[in-house]
Amino acid sequence: SGISPPDRSEARRVENEYRSRGTEYQEKKMMIWDLAGRDEFQSVRKSYLRGADGFMFVADGTRRETLDAIRDERAEMAEELDSVPSVLLINKCDLEADWEIEEEALTEFREAGFHLLKTSARTGQNVAEGFEALARLTCGEKEAGANDSEGA
């Protein structure tokens with residue numbers, strides 16, 4: 001489940017993509033793999049994920065099952081992979097009145113160490129900040145930026 005701001009320059013649904021994001025301390029080159037929901041990737045998924053420095057998950061705020069799928073995926077990954085920084089983007093913040101995801105569910109992810117941001121593919125809100133947060137976390141910064149009510 002990819003995210004796409006209107007100009008499609010910040011993030012887009014692709015098989016893989018290189019992304020550079022600077023932090024205060026260093027430039028971080030990111031390779032983005034969108035493997036969710038693709039049966040043909042199941043056999044190689046773990047080999048792609050094994051060396052990852054961080055993970056970005058995207059849930060659709062209007063569809064509770066997308067957050068449930070992320071919870072299941074993360075639990076499966078935890079069995080075989082080391083713990084790495086994770087960012088969770090809850091998309092469709094522009095439609096928050098229609099959300100099926102409750103605050104308690106988000107608290108569960110925060111307590112599990114996820115950095116959360118509410119995003120909008122329609123407006124681009126917090127999309128760049130999601131990549132910035134992941135870059136900061138993978139560079140070893142303890143706090144990836146604001147993680148408040150605006151962020152999630």
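The values are calculated or read from the model by the stated rules, or taken from the named source; none is laboratory data. Quick caveat: nothing in here was measured; it's all calculated off a predicted structure. No Cβ is skipped: glycine too gets one built from the backbone with ideal geometry, and neighbour counts run over all protein chains shown. Side chains included, ligands, DNA and RNA excluded: accessible areas come from the protein's heavy atoms. Shrake-Rupley method; radii C 1.70, N 1.55, O 1.52, S 1.80 Å.
Details
- Residue selection: Leu134 fails the criterion of being modelled with pLDDT of 95 or more and either assigned to a helix (DSSP H, G or I) or open to solvent by less than 20 Å² (accessible area, probe 1.4 Å) (or both).
- Scan of segment 110-128 for residues that are more than 20 Å from Gly140 (Cβ to Cβ), touching a helix residue (DSSP H, G or I) at 6+ places or on another chain (Cβ under 7 Å) and open to solvent by less than 10 Å² (accessible area, probe 1.4 Å), ordered by number: Thr119, Ser120
- Only one entry in Asp82, Asp68 is more than 29 Å from Lys29 (Cβ to Cβ) and surrounded by fewer than 21 Cβ atoms within 10 Å (Cβ to Cβ), namely Asp68.
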